[in-house]
Structures are given as C-alpha cells and as structure tokens.
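Notes for the one structure printed next.
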Amino acid sequence: MEAFDALGDPVRRRMVQLLAHGESTAGELARAVGDEFSISQPAASRHLRVLREAELVTSEVDGARRIYRLQRGPFDELEDWLTEVRAFWDHKLDALETEVARGIRARRADE
C-alpha cells in the first residue's frame, strides 16, 4: 500500500500526527484514537499494521510493548511529490493573481 493510500484514513492520519511528537506504544496510540474515533483496540492495531505495511512507521518489541516511530523516507517522498504539484499550482495561481490585478486596475481606470 502506498503512503497516500494509507494516509487516506483519518484514524491513520491522527496516528501519524501523534507520532510526529515522538515514539509511542501501540497501547497509547490505541487509547488516543479509540477515545477520539470510538474504535476498538483491535481496530487501532489494524490501522497500525497498515501504516507499517506502507512503511510510514516502524515498530520494535520491548517486552510486552510494541513501540512505534515514524519513518522519515516515505514522508520525504510525499514532500517531494507535494512540492512538484505545488509548483504547478503556484504558477497558475500567480498568473490568476496577475489577471485579477489587471482587471481591478482596468475597472478603476474606467470609473
């Protein structure tokens, strides 16, 4: 599963937001999203599995706990893609801004 597919779900996006503040255990994440989205611990675990399979997070076993961390690489790839798309729209929006300004100036000149 690709990163965008995995991040298409609000529960998984929230988990990523929580992990952006630092590592967390599966239990902590399950409680946080369980309270916020009214989902069970097994459902939260399935969301964590999707994030692992998309390689957005890594996990390590520490005794009876599983600790999750964000993986930087996939987020760098997402940022690169967004930068490319943003550059396209920035150019188009800059051109629109120029045309709007011309229209305003033309209306003022006609008054």
Query raised in the report: When the accessible area of the chain is split by element with a 1.4 Å probe, what percent falls to carbon and sulfur?
Result: 49
Report summary line: In degrees rounded to 10, the 0-90 angle between helix 72-110 Cα long axis and the longest Cα principal axis of the chain is 20
Report summary line: Each label sits 7 Å from Cα toward the beta-carbon; between residue 96 and residue 49 the label points are separated, in nm, by 4.2
Report task. Please name which of 32, 51, 104 has its Cα lying farthest along the dipole of region 20-111 towards the positive end, using unit charges on Cβ (Lys, Arg +1; Asp, Glu -1) and the Cα centre as origin. Result -> 32
Report summary line: GNM of the chain, Cα pairs under 10 angstrom: of 77, 28, 99, the biggest fluctuation goes to 99
Query raised in the report: Measuring from label point to label point, each 7 Å out along Cα→Cβ, what is the residue 17 to residue 107 span in nm?
Result: 3.7
Requested in this report: Scan around residue 24 for amide H atoms under 5 Å from its own, H built in the peptide plane at 1.01 Å from N, and keep only partners 5 or more places away or cross-chain.
Outcome: 68
Report summary line: Taking a probe of 1.4 Å and leaving out DNA, RNA and ligands, region 32-111 shows per residue an accessible area in Å² of 76
Query raised in the report: Any idea what the dipole of the chain comes to, in debye rounded to 20, about its Cα centre with Lys/Arg Cβ at +1 and Asp/Glu Cβ at -1?
Result: 360
Query raised in the report: Cα axis of helix 41-53 to longest principal axis of the chain: angle in degrees, 0 to 90, nearest 10?
Result: 60
Report task. Could you point to the label whose value was computed as P(r) over Cα pairs in 10 Å bins from 0, in percent for the structure here, given (1) 14, 44, 34, 8, 0; (2) 14, 49, 32, 5, 0; (3) 13, 34, 19, 12, 11, 8, 3, 0? Result -> (3)
Query - Label-point gap, in nm, between residue 87 and residue 65 - each point 7 angstrom along Cα→Cβ - result: 4.3
Report task. Please give the per residue volume of the convex hull enclosing the alpha carbon atoms of region 66-111, rounded to a whole number of Å³. Result -> 73
Requested in this report: Apply 1/(1 + (r/R0)^6) to the Cβ-Cβ distance of residue 35 and residue 2, taking R0 = 25 Å, and write down the FRET efficiency to the nearest 0.05.
Outcome: 0.30
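The values are calculated or read from the model by the stated rules, or taken from the named source; none is laboratory data. As the structure is a computational prediction, the values presented were derived from the model and not from experiment. Every residue, glycine as well, gets a Cβ built from its backbone with ideal geometry; the counts of neighbours run over all protein chains shown. Heads up: the accessible areas ignore ligands, DNA and RNA and are worked out on the full protein's heavy atoms, side chains in. Shrake-Rupley method; radii C 1.70, N 1.55, O 1.52, S 1.80 Å.
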